[in-house]
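Structure record follows, encoded as structure tokens.
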Amino acid sequence: MVRRPAIYELNGEGTVEDALELAGGILPAAALRHVEVQRLEATKSALCLSLDLSPDNSAPAQLTSFKIQDGDEIHIFPIAQYNQDTIYLQGHVQRPGRYSYTRK
């Protein structure tokens, strides 16, 4: 969910902000509440770290302070395709699809 997804190499020590800048920035359809960083600890194990980069959280602090290490993979997932307050009608029906739902 970045503009130029690829494998990037940062010279020296970099942050999540540096990596996202190289990738051209985040797409509008990205879910920023759960950004996953997969990290390999040398001769130990694999870790999965979770970052919250949503604007209502401390995203600027995490963007500039979280240091990327050699071999890290950053995964940004799309927003769930299901809409809020919506009913999905499927199957053997005359008009399948999405319908708005409101409580009365």
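The values are calculated or read from the model by the stated rules, or taken from the named source; none is laboratory data. Just so it is clear, the model here is predicted, and its values are computed rather than measured. Heads up, the Cβs are rebuilt from the backbone with ideal geometry, glycines too, and the neighbour counts pull from every protein chain shown. Please note that ligands, DNA and RNA were not included when accessible areas were found on the heavy atoms of the full protein model with its side chains. Shrake-Rupley method; radii C 1.70, N 1.55, O 1.52, S 1.80 Å.
Structure values in brief
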| item | result |
| --- | --- |
| Tally, over the stretch 50-69, of residues that are outside any helix (DSSP H, G or I) and in contact with a helix residue (DSSP H, G or I) (Cβ under 6 Å, 6 or more places away or on another chain) | 4 |
| Every pair of residues 6+ apart whose Cβ atoms lie under 7 Å, when the first sits in the stretch 10-37 and is farther than 15 Å from ALA80 by Cβ and open to solvent by less than 60 Å² (accessible area, probe 1.4 Å) while the second is assigned to a helix (DSSP H, G or I) and at pLDDT 90 or above | LEU10/ASP18; LEU10/ALA19; ILE26/LEU20 |
| Output for the stretch 70-95, where each listed residue is exposed (fewer than 11 other Cβ atoms within 10 Å of the Cβ) and assigned to a loop (DSSP other than H, G, I, E, B) | ASP70, ALA80, GLN81, TYR82, GLN84, ASP85, GLN90, GLY91, HIS92, VAL93, GLN94, ARG95 |
| From ALA42, ALA29, residue being farther than 19 Å from ILE79 by Cβ and not polar (S, T, N, Q) | ALA42 |
| Cross-chain or 6+ apart pairs with Cβ under 7 Å, the stretch 43-65 first and under 10 Å from LEU32 (Cβ atoms), then modelled with pLDDT of 85 or more and among the basic types (Lys, Arg) | ASP52/ARG33; SER54/ARG33 |
